[in-house]
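Data first, discussion second: the structure below is written as structure tokens.
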Amino acid sequence: MRRTETPPPLPQPFVILVGPQMGENIGASARAMLNFGLERMRLVAPRDGWPNPRAVAMASGAGRVLDGATLHATTAGAIADCNYVFATTARHRDLTKPVMTPERAMQHARALLDAGQKVGILFGPERAGMENEDLARANALISIPVNPDFSSLNLAQAVLLLAYEWGREVRDVPAEVQAMSRTEFASAIEIEKLGDHYEERLEQAGFFFPADKAQGMRLNLRNMWARLPLTRADVQTLHGLLRQLLRGKG
């Protein structure tokens, strides 16, 4: 019996598992999907029947993906309302079709969905992968660039890779950020005062010698302080470090 699907807030592709053999892999696939915001699962003739308690146990919090999953007798039925279908495969099987990387496939899927089309992504059974009859129904193939000497991927791993690329496509995530632990970057005046403190003490210690090089040495120190991405905590630590050294000197 086919359930009524509740569409998620944003358009997204259907993840279609064809002939999955183990409930655990269905559950792990649901978890991988939800990690990156995918919620639309379709199942084609799962070997151990549906619903499957092992899938629920493995989903680990992604139960809503399984609750919304729809059951289909054939691949043709599962993709009947799709305008464009991708199929994942390790081998091209001598079919004349576009073969895309996961990244390119999800870029294309996003464009199709934004244009109002429905998109499906087929994943084959764990043991043998997609049959040629099912691959022939796809508009394009997705080839994951794995080690050619060991190209076997677990079903949930393959779903995770495509879900990750989908997440990258729909979310603007900076390539690098600076994590701040209960502090913030020091202000220019705080850096200035730190430099003043060190110059004063270094002057007393006779560091700026000989006299004709003193100005250049001061400039190098100021440049170093400005170049370092110091936080307020760093500045406080450096002030305290210098004070402690001077106390120890006595």
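Results, tabulated for the structure shown:
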item: Residue in segment 108-134 that is farthest from G77 (Cα to Cα), counting only those that are in contact with a Cys (Cβ under 8 Å, 6 or more places away or on another chain) and crowded, with 21+ Cβ neighbours inside 10 Å; result: V119
item: Residue, modelled with the highest pLDDT, within segment 180-195, restricted to residues that are surrounded by fewer than 14 Cβ atoms within 10 Å (Cβ to Cβ) and in contact with a strand residue (DSSP E or B) (Cβ under 8 Å, 6 or more places away or on another chain); result: E184
item: Qualifying residue in segment 179-191 (condition: part of a loop (DSSP other than H, G, I, E, B), among the basic types (K, R) and without any contact (Cβ under 8 Å) to a residue 60 or more places away in the chain); result: yes
item: Filter result (of a type in the set (V, I, T) and free of Cβ contacts under 8 Å to residues at least 12 places away in the same chain) within segment 216-239; result: T237
item: Failed criterion for N132 (all others in (1) under 24 Å from the mean Cα position of the chain (by Cα); (2) free of Cβ contacts under 8 Å to residues at least 40 places away in the same chain; (3) in the same structural domain as G77 (by TED's automatic domain parsing) hold); result: (1)
item: Qualifying residue in segment 13-34 (condition: of a type in the set (S, T, N, Q), more than 11 Å from F123 (Cβ to Cβ) and at pLDDT 95 or above); result: no
item: Residue list for segment 135-156, restricted to those being free of Cβ contacts under 8 Å to residues at least 12 places away in the same chain and surrounded by 15 or more Cβ atoms within 10 Å (Cβ to Cβ); result: none
item: Which listed residue is touching a helix residue (DSSP H, G or I) at 6+ places or on another chain (Cβ under 8 Å), charged (D, E, K, R) and either over 30 Å from A87 (Cβ atoms) or surrounded by 13 or more Cβ atoms within 10 Å (Cβ to Cβ) (or both), from R243, R247, R201, R227; result: R201
item: Conditions (1) assigned to a helix (DSSP H, G or I); (2) out of contact with any strand residue (DSSP E or B) (no Cβ under 6 Å at 6 or more places or on another chain); (3) not basic (K, R); number of the one not met by L153; result: (1)
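The rows are residues; the columns are (1) under 26 Å from the mean Cα position of the chain (by Cα); (2) buried (at least 20 other Cβ atoms within 10 Å of the Cβ); (3) free of Cβ contacts under 8 Å to residues at least 24 places away in the same chain.
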{"site": "L38", "(1), (2), (3)": "yes, yes, no"}
{"site": "D48", "(1), (2), (3)": "no, no, no"}
{"site": "R64", "(1), (2), (3)": "yes, no, no"}
{"site": "T75", "(1), (2), (3)": "no, yes, no"}
{"site": "P98", "(1), (2), (3)": "yes, no, no"}
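The values are calculated or read from the model by the stated rules, or taken from the named source; none is laboratory data. This structure is a prediction, so every number in the text was calculated from the model and none was measured. Counting neighbours? That spans all protein chains shown, and the Cβs are built from the backbone with ideal geometry, glycine included.
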